[in-house]
Amino acid sequence: MLMVLLAGCKVNYSFTGASISPDIKTVSIAYFPNYAPLAQPTLSQVFTESLKDYFLSQTSLKLTDKYGDIEFSGEIIDYKTEPMAVTQDETAAVNRLTITVKVKYRNSKDEGQNFEKTFSKNETYDSSRNLNEVEPELIPQIVDQIVQDIFNASLGNW
């Protein structure tokens, strides 16, 4: 009898820490428009594609345009740079680039998992460097951190 009970149980394990119900087969990720006052032109595309790539590489879910078992939508709501450390002559020694994204997550199989959250990450850079110079380096780093946070919040049960 114990063997029959154990054979009927299905547990999903993942090396990513994801906890995905066997009922969930598809994911849809909408385009994340950039509504930040200081807009970086390629940020929406970079963020949306990074989110798709992460879910496809870390799960066995199939990407669908609409009506996935789990769905992500939202927008980039802030993109800013600000001084962090001030030197003796009152100039910034270090600046911080911050990206903030508002995310809506819908799980059609378990509506109790649905959420609407804001995710924000930042990286610092030396103020002797121009923002245009550091963006190609910092944007992917920040986007990767936000994408991991979204993944953990939605499927990692964190």
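The values are calculated or read from the model by the stated rules, or taken from the named source; none is laboratory data. These numbers come from a predicted model, not from an experiment. Counting neighbours? That spans all protein chains shown, and the Cβs are built from the backbone with ideal geometry, glycine included.
Taking Lys80, is it within 13 Å of the chain's Cα centre (by Cα), assigned to a strand (DSSP E or B) and of a type in the set (Lys, Arg)? Can you show your working first?
Details: within 13 Å of the chain's Cα centre (by Cα): no; assigned to a strand (DSSP E or B): yes; of a type in the set (Lys, Arg): yes.
So Lys80 fails the test.
Out of Ala85, Ala93, Ala39, which single residue is of a type in the set (Gly, Ala, Ser) and not in a strand (DSSP E or B)?
None of the others qualify; the one that does is Ala39.
Mind checking which pairs have a first residue in segment 116-138 that is more than 16 Å from Ala85 (Cβ to Cβ) and a second that is at pLDDT 95 or above and basic (Lys, Arg), Cβ under 7 Å, 6 or more apart or different chains?
As it stands, the answer is Glu116/Lys104; Thr118/Lys102, since those pairs meet every condition given.
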